[in-house]
Amino acid sequence: MMTETMQALRDLQKKLYAFQFALNVIDFDAQTVAPSESYSGRGEALEVLSSIKYSLIADPALPALLEKARGEERTEQEAAEVAELQRMYDETSKIPAQEYAAFVKLTTAAVNAWEKAKAASDFSLFAPYLEQIVAYRRRTAAYFDANKAPYDVWLDQYEKGLSMAQCDAFFDQLKAVIQPLVKEIGQRGAKIPCDFLKGTWPIEAQKMLSAAVMKLMGIDERHCVLSESEHPFTTEFYKGDVRITTHYHEDDMASNLYSVIHEGGHALYELHMADRLQYTCLSGGASMGLHESQSRLCENYLGRSLGFIKSLWPTLTELFPTQLAGVTPEAFYKAVNQCQPSLIRTEADEVTYCLHVMVRYELEKRLMDGSLAVKDLPAAWNAQMKELLGVDVPDDAHGVLQDIHWACGDLGYFPSYALGTAYGAQMMASMRKDLDVDALLEAGNWAPITGWLEERIWQYGKEKTPAQLLKNACGGEFDPKFYTDYLVEKYFAIYEL
Ligand SMILES: [Zn+2]
């Protein structure tokens, strides 16, 4: 029998769920079908809804209720709910209500300004908003821990326990392998023929490919729908309704293919939460790094494998008979794995991807410690891209304005992509001990693979900590060497180094 205290906490969680559901619907709508000049009314609505949600979780009566629940007998799940609610209370109540709601309104306007700035490739249109966002993040970090550097506070918010010291060590370890590898590929690697990828790929056929890929991944279309947006993303309402988006380019089929697999990986995670966690605060991915580990694992370790491409080959050649005439699965595999330093993070190959993350990490560090002014950000961006990737940035749209994250207020999120990528490599090494992954992929049989992930990670939501889940899936402590070893092995083979 559930105690009265626990029942009251369940009621609160249901209310929080309902507000989050509404906020997510608004967000999904904004990014897919809402008209471009609708942000101001949306900002007003979001400000009101967010402040009600804030008052539910920052309720001064909540700590006593949580204390009472801790003194009563609870199941393991109830104990985890109490701990998560306490964490939410501690974090939310530190920010004054007005500032909390005002920030939601600010980021709504900032996203709109960013869209216009990107379309015009003019950073100055976005700069005033980013200045306010950076100032807010620097100021409010002190509410959490006045003795900590602001950027350390925010890194920890996205990935518990993460700090600049850890990121520096992690990125140094990656850089030491990736930079020489890129150089070696550039010097010795014969160019991989991939001109065929530049052809024209009718959107209708690409849409059929998206559906086929989702089916292959085991994504149930009765619970997950694919829409279109400028930037692919995933929104979860609950485990019975997850939305993913993609973007179609007629001259680039790989962009949609790998967006669908990436967002599909996020969706699979959300679709496989245990039923018992529904409508509680434990539903949802355990951390940003873990969420990205699942999407990047699907996109790269599964989706960019030869086995997967072989299994997809009958569909690909049926949908694109002229574009793929005379092309073999092996040639396609090499083409979608070509390593080439480029401008856009989301389109980057596996070798150079984390260098894009490092560019953002270095700049965020400097924005947050005050050593870089927002107005100087484009020049600093271009210099970092030159230093780490050796590329010249032609304009702001292909540079500092390419990602939506800063407009959303997310400073400290980017390292999650690199961490998630490295987590995923270690999970794959562990999975390979239990399953013949290549044979399963080639047979188009994803079920044992997704079952393996569901059993170790997906079902638990936030019930276990990211560290516990990583141990569940990897059998040991996190070690980035699994990732760098994977890159070296894969790319030495592709480029016959
Ligand atoms: Zn993602």
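If I model the stretch 154-195 as equal point scatterers sitting on the Cα atoms and use the Debye formula, what is log10 I(q)/I(0) at q = 0.18 Å⁻¹?
Those come out to -0.64, one per q.
At a 1.4 Å probe, what is the % contribution of carbon and sulfur to the accessible area of the stretch 1-127?
Taking all protein chains in place, the stretch 1-127 shows 58 percent carbon and sulfur surface.
Give the longest segment of the chain that steers clear of GluC sites (Glu not before Pro) in DSSP loops with at most 10 neighbouring Cβ atoms within 10 Å, not counting the sites themselves.
222-476
Where the centroid of each part is defined by its Cα atoms, how far is the stretch 368-429 from the stretch 247-267 in Å?
Each part's Cα centre sits 21 Å from the other's.
For the stretch 410-494, how big is the tail of P(r) above 19 Å, as a whole percent of Cα pairs?
46 percent
Ranked from highest to lowest mean number of other Cβ atoms within 10 Å per residue, what is the order of the peptides 280-291, 207-218?
Result, highest mean first: 280-291, 207-218.
Amide H to amide H, which residues 5 or more places from SER227 or on other chains are under 5 Å from it, using H placed in the peptide plane?
The list, which skips near neighbours in sequence, is ILE244, THR245, THR246.
Run a plain Debye calculation on the stretch 339-497 (Cα atoms as equal point scatterers, no solvent) and give log10 I(q)/I(0) at q = 0.09, 0.21 Å⁻¹, rounded to two decimals, same order as the q list.
-0.40, -1.30
With a Cα-only, solvent-free Debye model of the stretch 186-289, what are the log10 I(q)/I(0) values at q = 0.24 Å⁻¹?
Log-scaled intensity ratios, in q order: -1.24.
With every protein chain left in place, what is the accessible area per residue of the stretch 62-126 in square angstrom, probe 1.4 Å?
Accessible area per residue: 47 Å².
Starting at 0 and stepping by 5 Å, how many percent of the alpha carbon pairs of the stretch 428-470 end up in each bin?
Taking all Cα pairs of the stretch 428-470, the binned fractions are 5, 22, 27, 20, 15, 8, 3 percent.
Helix 39-57 versus the longest principal axis of the chain: what is the Cα-based angle in degrees, 0 to 90, to the nearest 10?
Helix 39-57 and the main axis of the chain meet at about 50 degrees.
Which whole-number percent gives the relative contact order of the stretch 1-124, counting Cα pairs below 8 Å spaced six or more residues apart?
35 percent
Classify the stretch 142-230 as rounded, prolate or oblate, taking a ≥ b ≥ c as the square roots of the eigenvalues of its Cα gyration tensor: rounded when a/c is under 1.5, otherwise prolate if a/b is larger than b/c and oblate if not.
Oblate, since a/c reaches 1.5 and b/c is not below a/b.
With N residues in the stretch 321-415, what two-decimal value do you get for its Cα radius of gyration over 2.2 N^0.38 Å?
Relative to the rule-of-thumb radius for its length, the stretch 321-415 sits at 1.32.
What is the Cα centroid distance between the stretch 122-189 and the stretch 1-73, reported in whole angstrom?
The stretch 122-189 and the stretch 1-73 have Cα centres separated by 29 Å.
Only Lys, Arg, Asp and Glu count, each charged at its Cβ (+1, +1, -1, -1), so figure out the dipole size of the chain about its Cα centre, rounded to 20 debye.
400 debye
Checking the a/c ratio against 1.5 first, then a/b against b/c, what shape does the Cα gyration tensor give for the stretch 164-494?
rounded
Starting from the Cα gyration tensor of the stretch 4-147, take the square roots of the eigenvalues, sort them a ≥ b ≥ c, and report rounded, prolate or oblate (rounded when a/c is under 1.5, otherwise prolate if a/b is larger than b/c, else oblate).
Prolate, since a/c reaches 1.5 and a/b exceeds b/c.
Give me the percent of DSSP beta bridges within the chain that run antiparallel, rounded to the nearest 5. Provide the component values of the computation, followed by the final result.
Values: 5 of 10 bridges.
Taking every DSSP beta bridge within the chain, about 50 percent pair in antiparallel fashion.
Between 0 and 90 degrees, rounded to the nearest ten: what's the tilt of helix 306-319 against the longest Cα principal axis of the chain?
80 degrees
With every protein chain left in place, what is the accessible area per residue of the stretch 164-494 in square angstrom, probe 1.4 Å?
Averaged over the residues of the stretch 164-494, the accessible area is 38 Å².
Could you check how much of the accessible area of the stretch 292-429 is carbon and sulfur, as a whole percent, using a 1.4 Å probe?
Working: 2050 of 3940 Å².
Percent of accessible area from carbon and sulfur atoms in the stretch 292-429: 52.
Quote the Stokes-Einstein diffusion coefficient, in whole µm² s⁻¹, for the stretch 373-422, based on the Kirkwood radius over alpha carbon pairs, a temperature of 20 °C and a viscosity of 1.002 mPa s.
Rounded, D is 177 µm²/s.
May I ask you to work out the translational diffusion coefficient for the stretch 121-271 at 10 °C, viscosity 1.306 mPa s, via Stokes-Einstein with Rh from the Kirkwood sum over Cα pairs, reported in whole µm²/s?
81 µm²/s
Rounded to the nearest 10 degrees, what's the angle between the helix 415-434 long axis and the longest principal axis of the chain, both from Cα atoms, 0 to 90?
Between helix and principal axis, roughly 70 degrees.
The values are calculated or read from the model by the stated rules, or taken from the named source; none is laboratory data. Since the structure is predicted, the reported quantities are computational estimates derived from the model, not experimental observations. In this analysis, Cβ positions are derived from the backbone assuming ideal geometry, glycine residues included, and neighbour counts consider all displayed protein chains. The area values use the complete protein model at the heavy-atom level, side chains included, leaving out ligands, DNA and RNA. Shrake-Rupley method; radii C 1.70, N 1.55, O 1.52, S 1.80 Å.
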